[in-house]
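The numbers here are math on the coordinates, done by the rules we state, and not lab data. The structure presented is a predicted model; accordingly, all values stated were derived computationally and were not measured. Methodologically, a virtual Cβ is constructed for each residue, glycine included, from the backbone with ideal geometry; neighbour enumeration extends over all protein chains shown.
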Amino acid sequence: MKRRTEEAYSLRFIAAQKALHLQQSLVNFGRRIRSLTLVLALVGSALATAYSAYLWLNTQAANKTIQDLTAGHDIQVDSTDAPEVVLARITCLARRDDTDTPRLLIDALERRGETELAAKAHYNLANALLRKAFVALEKGDLEAAGPFVNLSRREYRHTLALRSDFWDAKFNFDVASRLLREYPELDRTSGDELLADPKKIWTDIPGLPKGLP
């Protein structure tokens with residue numbers, strides 16, 4: 001009887017020891033989990049801070065480039081740069097009456113789905129083309145003016161296709177169209193001189209082109 005009691009006690013003691021060992025193992029495991037969670041949290045926080053700093057530096061650089069372009073300093077940009085930077089370069093080029101270089105950049109904006117910015121880009125290019133048309137008209141150069149008028153109308157159409165509520169684009173498109181209606185000679189490729197007085201064109205058109213970049 002005494003031996004059975006001792007055996008039972010031994011079994012309970014062993015069970016208690018195992019339970020205690022299991023409890024200690026769980027406690028240690030919990031500590032390791034908490035330590036790992038803390039480490040992961042610290043690493044995640046560090047990565048988030050580094051990424052925020054990276055974005056901030058990129059934003060600062062983009063803003064500086066936009067400011068320089070707006071001030072008239074032409075800076076080379078890549079089509080994969082921030083879309084606002086790409087638009088700033090297009091606008092800078094349009095102000096310089098460069099109507100060839102912006103086209104690839106405008107295509108890049110459209111491929112990236114930047115509809116609003118692409119509309120502004122087409123509009124700025126159209127204005128540059130229309131300015132060239134008026135410069136040619138003032139010189140009486142019909143052959144040079146005609147293509148610029150038609151190209152500007154095409155760019156205004158692109159603008160309105162992307163943003164139908166762009167009032168300035170509608171106005172300037174009407175100006176370009178009015179030129180063709182009032183002076184059909186612009187749609188011809190022959191002839192060296194404009195039949196009408198070039199200076200009179202400015203007074204015949206109802207208002208100068210609005211919103212030029």
Would you kindly state how much longer the chain becomes between SER79 and ARG112 on full extension, computed as 0.36 nm times their sequence separation minus their alpha carbon distance, in nm to one decimal? 10.9 nm
By the mean-Cβ-within-10 Å protection proxy, highest first, 159-171, 123-135 rank as 123-135, 159-171
Under a plain spin-label model, where a point goes 7 Å from the Cα along Cα-to-Cβ, how far apart in nm are LYS139 and ARG181? 2.9 nm
Expected sort for 69-81, 172-184 on mean C-beta neighbours within 10 Å, highest first, is 172-184, 69-81
